[in-house]
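The values are calculated or read from the model by the stated rules, or taken from the named source; none is laboratory data. In this text, all values refer to a predicted model and were calculated from it rather than measured experimentally. A quick note on method: Cβ atoms are made from the backbone with ideal geometry, for glycine too, and the neighbour counts reach across all protein chains shown. For accessibility, only protein heavy atoms count, side chains too; no ligands or nucleic acids. Shrake-Rupley method; radii C 1.70, N 1.55, O 1.52, S 1.80 Å.
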Amino acid sequence: MNNTEKRLYSVDEARKILGIGKTKIYDLIRNGYIKALDLGGMKISAEEIDRFINQYSGYSFKDMKNLSKI
């Protein structure tokens, strides 16, 4: 990664990258599926976004307490 690539995203930027709503991304953070940093405003690393996509591709998050494969 070079120094011009963005490494941290706001929650709003991260939710747009993932194509989900504000409530859903906060639910993912609250339930431990996405790790965030609180730096006076929540931030999510580019690596964490990639990890989430790679780990949970193929799963439904309609019921976060009972993930199911799609």
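Scanning segment 39-59 for residues that are open to solvent by 40 Å² or more (accessible area, probe 1.4 Å), part of a loop (DSSP other than H, G, I, E, B) and either touching a Leu at 6+ places or on another chain (Cβ under 9 Å) or at positive phi (or both) gives Leu39, Gly40. Taken together, the residues in segment 34-70 that are under 19 Å from Arg7 (Cα atoms) and aromatic (Phe, Trp, Tyr) amount to 1. Within segment 2-38, the set of residues being free of Cβ contacts under 8 Å to residues at least 24 places away in the same chain and in a loop (DSSP other than H, G, I, E, B) comprises Asn2, Asn3, Thr4, Gly19, Ile20, Gly21, Gly32, Ile34, Lys35.
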